[in-house]
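Report on one structure; see the data block that follows.
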Amino acid sequence: MRDRVWLWVPLALFAFFAGLAGYMLTQEKEQFVASTMVGQPLPDFALPAAFGGLPGAAKADLTGGKARLLNIWASWCLPCIAEAPQLDALKNQGVEIVGIAIRDRPEDVANFLGRYGNPYSRIGSDKISEVQLAIGSSGVPETFVIDAKGVIRYQHIGDIRDSDVPKLLAELEKAR
Amino acid sequence: MIRSVLAALFAFLALPALAQDTMPPAPYAYNQLQDPRLEAEASALMHTLRCLKCQSQSIADSDAPMAGDMRHQVRSRILAGESSGQIRSWLIARYGDYVSYEPEVSATTWPLFAVPALVILIVGGVLLRRLGKRRSDDAGDAV
């Protein structure tokens, strides 16, 4: 009799895995790839200016004195338009925002800033996404909190909504 | 009102279709390395790295601009003398195991490697016992 009971074990296992697979299919898929560079110092980089109006950006510009935001964006990216007001709000609260424009042209950068406002202190031009890859960013827009020592402390993936502003301010406060 | 219209508009737009730009590709995105041996090494590596934009493709298969930029990284690093292993580790340090299509043994993936080995050991043990038992039964019959 005891042997009979054991016969059901494979079927029970199968039912368990089928059920698990079915359940996981109904769960929302995490489609963002988080950077594993959070907690690591910024890699060395020095990017030329993205357009005539602002200087370029290097690691040294994000190190020392205070925490800053590093915003990865592009003039061809629609969600970047959506987050422009929130970046402005952060700037108005005294946050320094350094931009890196991905695969962008000077005239397009200037045009974007003219239309949607310019919250940046500097913008580096990353024409081949090399700094983006070096900090583990997988899309635009993404925003990193860099502490006073130049260590990456927090990554926000996607456009910054109104509701994300307090969280970013809190992370900046922590990173001072 | 305009905001909600815009929000609805964004909701209906598929992001990957928008994530395009008009810049020329990086130098080594679509150009092979001169040295066929190095190109073969780069190509083998690119087939085992995941595109971050189009996550079901390798960077060798994807036409996303970011995949092109990743191919440029792979080819220029191979050309600079880095090994495939070094480049893979460089990417894994930034994106986690996720970026590698070739499973790596790590703190989270070791059961993938340990469980099959364990199952084979158990099955081997069971088989040995059963066959051993049958043999001794046969021996018993013969006597």
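Looking at region B:102-109, can you tell me whether even one residue there is crowded, with 17+ Cβ neighbours inside 10 Å and in contact (Cβ under 8 Å) with a residue 24 or more places away in the chain?
no
If B:Ser62 satisfies every condition in (1) at positive phi; (2) away from chain A (no Cβ under 12 Å) but one, which is the exception?
Status for B:Ser62: all satisfied but (1).
Can you tell me which residues in region A:84-108 are touching a strand residue (DSSP E or B) at 6+ places or on another chain (Cβ under 8 Å), within 14 Å of chain B (Cβ to nearest Cβ) and either assigned to a helix (DSSP H, G or I) or without any contact (Cβ under 8 Å) to a residue 24 or more places away in the chain (or both)?
Of everything in region A:84-108, just one residue is touching a strand residue (DSSP E or B) at 6+ places or on another chain (Cβ under 8 Å), within 14 Å of chain B (Cβ to nearest Cβ) and either assigned to a helix (DSSP H, G or I) or without any contact (Cβ under 8 Å) to a residue 24 or more places away in the chain (or both), namely A:Pro106.
State yes or no: is A:Ile81 modelled with pLDDT of 95 or more, surrounded by fewer than 18 Cβ atoms within 10 Å (Cβ to Cβ) and within 21 Å of A:Asp164 (Cα to Cα)?
yes
When only residues in region A:26-55 that are among the small types (Gly, Ala, Ser) and surrounded by fewer than 17 Cβ atoms within 10 Å (Cβ to Cβ) count, which is nearest to the other protein chains (Cβ to nearest Cβ)?
Filtering region A:26-55 for residues that are among the small types (Gly, Ala, Ser) and surrounded by fewer than 17 Cβ atoms within 10 Å (Cβ to Cβ), the one nearest to the other protein chains (Cβ to nearest Cβ) comes out as A:Ala34.
Does region A:9-30 contain at least one residue that is part of a loop (DSSP other than H, G, I, E, B), within 30 Å of A:Val151 (Cβ to Cβ) and not aliphatic (A, V, I, L, M)?
yes
Checking B:Ala26 against (1) away from every other protein chain (no Cβ under 11 Å); (2) in contact with a helix residue (DSSP H, G or I) (Cβ under 6 Å, 6 or more places away or on another chain), which single condition isn't satisfied?
So the condition that B:Ala26 fails would be (1).
Go through (1) within 14 Å of another protein chain (Cβ to nearest Cβ); (2) in a helix (DSSP H, G or I); (3) touching a residue at least 40 places away in the same chain (Cβ under 8 Å); (4) touching a helix residue (DSSP H, G or I) at 6+ places or on another chain (Cβ under 8 Å) one by one and return the number of the condition A:Ile72 breaks.
With respect to (1) within 14 Å of another protein chain (Cβ to nearest Cβ); (2) in a helix (DSSP H, G or I); (3) touching a residue at least 40 places away in the same chain (Cβ under 8 Å); (4) touching a helix residue (DSSP H, G or I) at 6+ places or on another chain (Cβ under 8 Å), A:Ile72 is out only on (2).
Among the numbered criteria (1) without any contact (Cβ under 8 Å) to a residue 12 or more places away in the chain; (2) within 12 Å of chain B (Cβ to nearest Cβ), which single criterion is violated by A:Ser129?
So A:Ser129 meets the others, but not (1).
Of all residues in region A:139-156, which are within 14 Å of chain B (Cβ to nearest Cβ) and surrounded by fewer than 24 Cβ atoms within 10 Å (Cβ to Cβ)?
Within region A:139-156, A:Gly139, A:Ile152, A:Gln155 meet the criteria.
The values are calculated or read from the model by the stated rules, or taken from the named source; none is laboratory data. Quick caveat: nothing in here was measured; it's all calculated off a predicted structure. Cβ: placed from backbone, ideal geometry, glycine included. Neighbour counts: every protein chain shown.
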